[in-house]
Amino acid sequence: MKFILIFFSLFSVSLFATPFIHPICQNDLDSIPILQNGRVKPLKVHALESIKHLTGKTTFLNLKATQIFCLLSLSMGPKKYEELDKLSTPIDHVETQKLLATIGNHPEVTLKELSEKGDLIRSTYRGIKEDNSYKKDLSKLMQKIQLYQDITSGNNWTVAELSNDHIVWPPFYQFFTSQKIQTLRERNSEMSMPQVLHQGLLESKNDYIKISGDKYLLELTYINAHLVEFALSTTLLALLILIIIPRKLFGLSLTAITLFIQLSIVTCRVLISGRAPVTNMYETVLFSGFGALLISTIIAIIRKEKRYVIVGLCYNFCTLMMLIFADGMLNGSIGPLVPVLRDNFWLSTHVTCVILSYGALGLSWMMSNYVLVLKRLGKIENKDQLYFSDLIYTCLKVGTTLLALGVILGGVWADYSWGRFWGWDPKETWSLIVLCIYMAILHGKSTSWIPPYRFIPLTSGAFMSVMMAWFGVNYILATGLHSYGFSEGGAIFLLSFFILQISLLAWSAKAFKQTQLAH
C-alpha cells in the first residue's frame, strides 16, 4: 500500500508547477458507478453521504463532495488542494472536547488530527464501562476515523472493471494499478497519471453500462433534482394562496402539483431501492406527509371543504421541513434491507397502513391545535367548534381504521417472520396503546361519553401517543425486535414536542373550562 501511494505521488510532483483544472475535479465523475453496501449507485451519492458524515457539510472551499472524496482517495494533488488537510469534524460532547483539547465556541478537530489520535480515542472508549453518551460519542468518532482512513487509502469504494464479459469490482487502490490503467498510460504517454485515471474511470462507466445498463443513474437524477425542496416551495405557496385568495382553483392546482412532485419522490425511491419507501425514519416522515396531503385532498373533495386541504398542506409542510433541516435525526440514504424487511408484500401493506394512519391522525392533531388557539383567543363560537369537531372526527375515523388494519397485518407478519402473532415488543405495545386511545376517543364521541368541549383537547393530546410510538420507541427506548428502525438524535426533538404540546393544552385549558361551565 505504501508503495502504491509513493508511486502515485511521484506523478503529482510534475503537476505542482502548472495551473490546470484537476481531472478529478470534473463533474462527469459524479456518474461513475460504484458497488457499495450491496447495490450499485453513482459515485456522487456515496461521496455526499461520506463527506456529510465526516464533516457535517457537503462542500469545502470551492470543491463539491465528489471532488473532495476523489482527492482524498488519491491522497495527492496540486498544492492548492493540500488544504484538504484542514477538513474538520465538529466535536459536540463536552468530555470529548476535553479529551481532544478542542474547547471553544465552535469546537472542531481536523480529520487528519482525529485520525492521528485514533489510539487515544480507542483506549479511552475501552476504559468506559458504562454505556453513556460519552462512550457513544467516542464510538461515532471511531467510525469517522475508520471511514476517513478507508477513503484516504483508496479502499472505501469499488470501481467497475470488465473481465471476460463480466463486471468485477476491485477497490479503487487496485483499480489504478490495474492492467486497464497501465494500458491507457502506455497508449497516452503525453497524459498525466491523474488524467489517465480520469479516462479509466469514464471507460469503466461505459463498460458497466454496456453490460448492466444505466438504471443506476436514476439515483443521480433524483439527487440532482432536489425534489424535496421543490415540494416544500409548492406546499408553502399553495397554502398561502388557499388562505389569501378566495378562489380555490389556484391553490388546488398547486396542491395537485405538490402531490405529483411527492409522488415522483416516492416513485424514484421505489425504483432505486426496489421496495416500498417506508423502511427508515426519513422515509416514514416523507410518506406520512404525502399520505396526509393525499387523504386530506380526497376528504376535501368528498366533503367539499377546503379546510382539509389547508390542514393537509400544513402537516406536509412540517414533514418536509424535517426532511430538509433535521438531517442529523433523519438519514435520507437508501441502504440495504435487513432480512425481516425483505418481504415486499408485508412491507407494502403493514408499514404503509401504519404510516398512512399517522398522517390521518396528524391531520386531526393539527386541526385540533388550530381550534385550541382560536378558542383561547376568543376567535371561535361554540357552533363553529362543533363544526370543527365533525371535521376532526372524520380524520379520526380514517386514521383509526388504517391503524387497526396496520396492527392486524403486523401481527400476521410477525407470525410469518417470528412464529408468534403478538409478543409485547415495545413497537407492538405502543401501536396497541395508540389504537386503544383513539378507539376510546371515537367511542366516547359517538356515545356522548366525551362532551364536545373535551373532545378537541383529548384529540390534540392523543397525538403524543402517536409520536411516542413513531419516534419515541426508535429514538428513546431503542429496544425490541424492531431494531432495524432505531436511530439517534431525536430525543431532544421529541421532548421539545411534548413540552410544546402540553404547554398549548395548559394555555388553552381556561377557555375550555369556561365552555364546560356554560354547559
Fill in the blank from the handout: When ILE334 is run through (1) outside the structural domain of TYR416 (by TED's automatic domain parsing); (2) modelled with pLDDT of 95 or more; (3) buried (at least 21 other Cβ atoms within 10 Å of the Cβ); (4) not aromatic (Phe, Trp, Tyr), the failure sits at (2)
Problem - Any chance SER139 is out of contact with any strand residue (DSSP E or B) (no Cβ under 9 Å at 6 or more places or on another chain) and in a loop (DSSP other than H, G, I, E, B) - result: no
Problem - Enumeration of residues in segment 155-178 that are outside any loop (DSSP other than H, G, I, E, B) and either basic (Lys, Arg) or closer than 15 Å to LEU202 by Cα (or both) - result: THR158, GLU161, LEU162, ILE167, PHE172, PHE175
Exercise for the section: Test PHE455 against the stated conditions and say whether it is more than 23 Å from ILE380 (Cβ to Cβ) and hydrophobic (A, V, I, L, M, F, W, C). Expected result: no
Problem - Pair list, Cβ under 6 Å, 6 or more apart: segment 313-336 residue without any contact (Cβ under 8 Å) to a residue 40 or more places away in the chain, other residue of a type in the set (A, V, I, L, M) and buried (at least 19 other Cβ atoms within 10 Å of the Cβ) - result: THR319/VAL285; MET322/VAL285
Practice task
Working only within segment 376-410, note down all residues that are free of Cβ contacts under 8 Å to residues at least 12 places away in the same chain and either of a type outside the set (Ser, Thr, Tyr) or not assigned by TED's automatic domain parsing to the domain that holds LEU361 (or both).
Solution key: LEU377, LYS379, ILE380, GLU381, LYS383, ASP384, ASP390, ILE408
Practice task
Provide a single number: the residues in segment 285-314 that are surrounded by fewer than 24 Cβ atoms within 10 Å (Cβ to Cβ) and of a type in the set (Ser, Thr, Tyr).
Solution key: 1
Exercise for the section: Consider THR297 carefully, then state whether it is more than 23 Å from ILE241 (Cα to Cα), in contact with a Leu (Cβ under 9 Å, 6 or more places away or on another chain) and not assigned by TED's automatic domain parsing to the domain that holds LYS510. Expected result: no
Exercise for the section: Tell me, yes or no, whether segment 215-232 has at least one residue that is more than 30 Å from CYS314 (Cβ to Cβ) and in contact with a Leu (Cβ under 7 Å, 6 or more places away or on another chain). Expected result: yes
Handout entry: Selection status of LEU54, at pLDDT 55 or above and surrounded by 19 or more Cβ atoms within 10 Å (Cβ to Cβ)
Key = yes
Practice task
For residues that are outside any helix (DSSP H, G or I) and at negative phi, scanning just segment 433-463, find the one that is surrounded by the most Cβ atoms within 10 Å (Cβ to Cβ).
Solution key: ILE450
Practice task
Just one of (1) under 29 Å from GLY332 (Cβ atoms); (2) assigned to a loop (DSSP other than H, G, I, E, B); (3) among the hydroxyl-bearing types (Ser, Thr, Tyr) trips up SER189, so point out which.
Solution key: (1)
Problem - Residue match in segment 15-34 (condition: more than 17 Å from LEU84 (Cβ to Cβ), at pLDDT 80 or above and among the aliphatic types (A, V, I, L, M)) - result: yes
Exercise for the section: May I ask you to list the residues in segment 233-254 that are in contact (Cβ under 8 Å) with a residue 40 or more places away in the chain, more than 13 Å from LYS306 (Cβ to Cβ) and not hydrophobic (A, V, I, L, M, F, W, C)? Expected result: THR235
Problem - Count of residues meeting criterion [over 8 Å from THR66 (Cα atoms), aliphatic (A, V, I, L, M) and in a helix (DSSP H, G or I)] in segment 37-51 - result: 2
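The values are calculated or read from the model by the stated rules, or taken from the named source; none is laboratory data. Nothing here was measured: the structure is a model prediction, and the numbers come from that model. Heads up, the Cβs are rebuilt from the backbone with ideal geometry, glycines too, and the neighbour counts pull from every protein chain shown.
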